[in-house]
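A short worksheet on the structure shown next.
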2 protein chains.
Amino acid sequence: MLTAPSLCTTPEVESALRDQRNANLAAIEALIPADIDAGELPRTADARALARFSGAVFQGMSQQARDGATRQELEAVAGHAMRAWSAVAATEG
Amino acid sequence: MLTAPSLCTTPEVESALRDQRNANLAAIEALIPADIDAGELPRTADARALARFSGAVFQGMSQQARDGATRQELEAVAGHAMRAWSAVAATEG
């Protein structure tokens, strides 16, 4: 997942990276209906919002990795994000 | 909160922004013991991990805002992040 440009000298690169990031969010969103169909998430789950949330966590983890976070620290971030998914899964729907 | 450099032409700017981002994480972490003392979070809450998780969400929200996300979409991201906090708060400790 691409999050921030390592080269940001041209509008073309900026635009291409933005498109790629938004495509990543759409790809996550597209996977969620299968989890709803499988009964792992409730019918009321908001696929778009869950995708944006997860994408935000990935983007932040990527930033923190570049800033020196350890694997253990990043896994703890992911663990907290999964609590949010568990909360959605536990919702009646 | 600064997340990605809008100018990344010099190592000095990169380094200064990295330091600022890591200082932001430390500032979030420093606020959490008060919530533990107030009984809003359990004694077992991992302040550092919660701070990194929240900072990751903020960093991702900032990236998505630059990529065109709406206020409503970003508020939904924050809402999901708060589910993780609620899950921690509901933990025995």
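Values as computed for the structure displayed
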quantity: Of the criteria (1) among the polar types (S, T, N, Q); (2) open to solvent by less than 20 Å² (accessible area, probe 1.4 Å); (3) within 15 Å of B:ALA84 (Cα to Cα), which one A:GLN59 fails; calculated: (3)
quantity: Residue within the stretch A:47-56 that is within 24 Å of B:ASP19 (Cβ to Cβ), open to solvent by less than 60 Å² (accessible area, probe 1.4 Å) and either away from chain B (no Cβ under 12 Å) or modelled with pLDDT of 95 or more (or both) present; calculated: yes
quantity: Complete set of residues in the stretch B:75-86 that are open to solvent by 30 Å² or more (accessible area, probe 1.4 Å) and in contact with a helix residue (DSSP H, G or I) (Cβ under 6 Å, 6 or more places away or on another chain); calculated: B:ALA76, B:ARG83
quantity: Single residue of the stretch A:13-46 satisfying the filter (among the β-branched types (Val, Ile, Thr) and within 13 Å of chain B (Cβ to nearest Cβ)) that is nearest to the chain's Cα centre (by Cα); calculated: A:ILE28
quantity: Residues of the stretch B:59-85 classified as facing chain A (nearest Cβ under 7 Å) and in a helix (DSSP H, G or I), total; calculated: 12
quantity: Filter result (outside any helix (DSSP H, G or I), at pLDDT below 90 and surrounded by fewer than 15 Cβ atoms within 10 Å (Cβ to Cβ)) within the stretch A:3-44; calculated: A:SER6, A:LEU7, A:THR9, A:THR10
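The values are calculated or read from the model by the stated rules, or taken from the named source; none is laboratory data. Quick caveat: nothing in here was measured; it's all calculated off a predicted structure. Don't worry about glycine lacking a Cβ; one is built from the backbone with ideal geometry, like all the others, and counts go over all protein chains shown. Remember, those area values only see protein heavy atoms, side chains included, never the ligands or the DNA or RNA. Shrake-Rupley method; radii C 1.70, N 1.55, O 1.52, S 1.80 Å.
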